[in-house]
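Let me begin by presenting the structure, written as structure tokens, before commenting on it.
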Amino acid sequence: MDLVCQRMLNQGFLKVERYHNLCQKQVKAQLPRRESERRNHSLARHADILAAVETRLSLLNMTFMKYVDSNLCCFIPGKVIDEIYRVLRYVNSTRAPQRAHEVLQELRDISSMAMEYFDEKIVPILKRKLPGSDVSGRLIGAAPVPGPSAALTTMQLFSKQNPSRQEVTKLQQQVKANGAGVTVLKREISELRTKVQEQQKQLQDQDQKLLEQTQIIGEQNARLAELERKLREVMESAVGSSSGSGSNEQSPRKRRKAVESTDCPRKSKRLRNRK
């Protein structure tokens with residue numbers, strides 16, 4: 001049962017690598033060749049996500065497959081395979097996906113935890129089972145005896161320490177994946193810079209409009225103060241003219257009353273004489 005599960009996990013990792021390569025080929029076939037045109041293409045985010053997944057696959061390959069090829073263990077983190085499948089299906093089924101760091105957040109977290117745990121807890125145990133580990137321990141622990149046997153053992157040790165073609169190709173794949181991840185990050189940084197520049201330009205335009213509006217408000221306040229001053233002058237002149245006309249109207253009335261008061265005794269004397 002354990003062997004069947006190990007075989008399924010190993011085959012699952014190889015299958016997800018092939019599925020990713022197929023998806024990446026399909027997307028690259030639809031992208032334009034020029035880098036400047038790719039940034040504004042509708043499949044730009046698809047390519048960024050697939051490049052980031054390629055980086056994760058290369059890191060997982062470098063971490064686990066050395067010991068899987070030596071039949072010391074299997075590809076342990078099966079949840080990482082499921083998450084990679086989920087991301088690839090999301091990329092294939094969505095026309096406008098989210099940004100790469102939003103889509104790959106879960107994959108980065110669980111793959112990083114799996115690789116750290118494997119390096120810290122499992123690799124020290126597996127290194128003891130590697131062929132040639134006892135020979136290297138003996139060579140390090142004790143001085144070799146000169147002779148043909150010692151020369152053979154040292155040559156074998158150096159030949160084992162030299163990287164094979166498979167390891168060199170894995171390193172090249174890792175470097176390529178890292179370069180793709182760097183290009184993705186550069187694209188995101190350039191997009192962020194353009195957005196920051198646009199926001200700064202909008203802020204400058206808003207500041208200019210604010211200055212113009214403050215100038216207009218200052219001019220309107222000056223006009224209002226001038227109008228208020230003129231209105232006060234008009235009101236004061238109107239009040240002065242009304243008070244002058246009132247005094248002129250009262251003077252003839254007083255004259256009439258004085259004349260009538262002087263005429264009254266004359267009328268009374270005339271009436272008495274008639275009697």
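Screening the range 22-39 for residues that are closer than 17 Å to Leu88 by Cα and of a type in the set (D, E, K, R) and picking the one that is modelled with the lowest pLDDT gives Lys28. Inspection of the range 141-148 finds no residue satisfying the criterion of being surrounded by 10 or more Cβ atoms within 10 Å (Cβ to Cβ) and either in contact with an Asp or Glu (Cβ under 8 Å, 6 or more places away or on another chain) or at pLDDT 70 or above (or both).
Quick grid of which residues meet (1) open to solvent by 100 Å² or more (accessible area, probe 1.4 Å); (2) modelled with pLDDT of 90 or more:
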| site | (1), (2) |
| --- | --- |
| Thr183 | no, no |
| Glu188 | no, no |
| Glu191 | no, no |
| Val196 | no, no |
| Gln202 | yes, no |
| Leu227 | yes, yes |
| Ala238 | no, no |
| Ser242 | no, no |
| Glu249 | yes, no |
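The values are calculated or read from the model by the stated rules, or taken from the named source; none is laboratory data. Since this is a predicted model, take the numbers as computed values, not measurements. Here Cβ is always computed from backbone atoms with ideal geometry, including for glycine, and neighbour counts include all displayed protein chains. Calculation scope for accessible area: heavy atoms of the full protein, side chains included, ligands and nucleic acids excluded. Shrake-Rupley method; radii C 1.70, N 1.55, O 1.52, S 1.80 Å.
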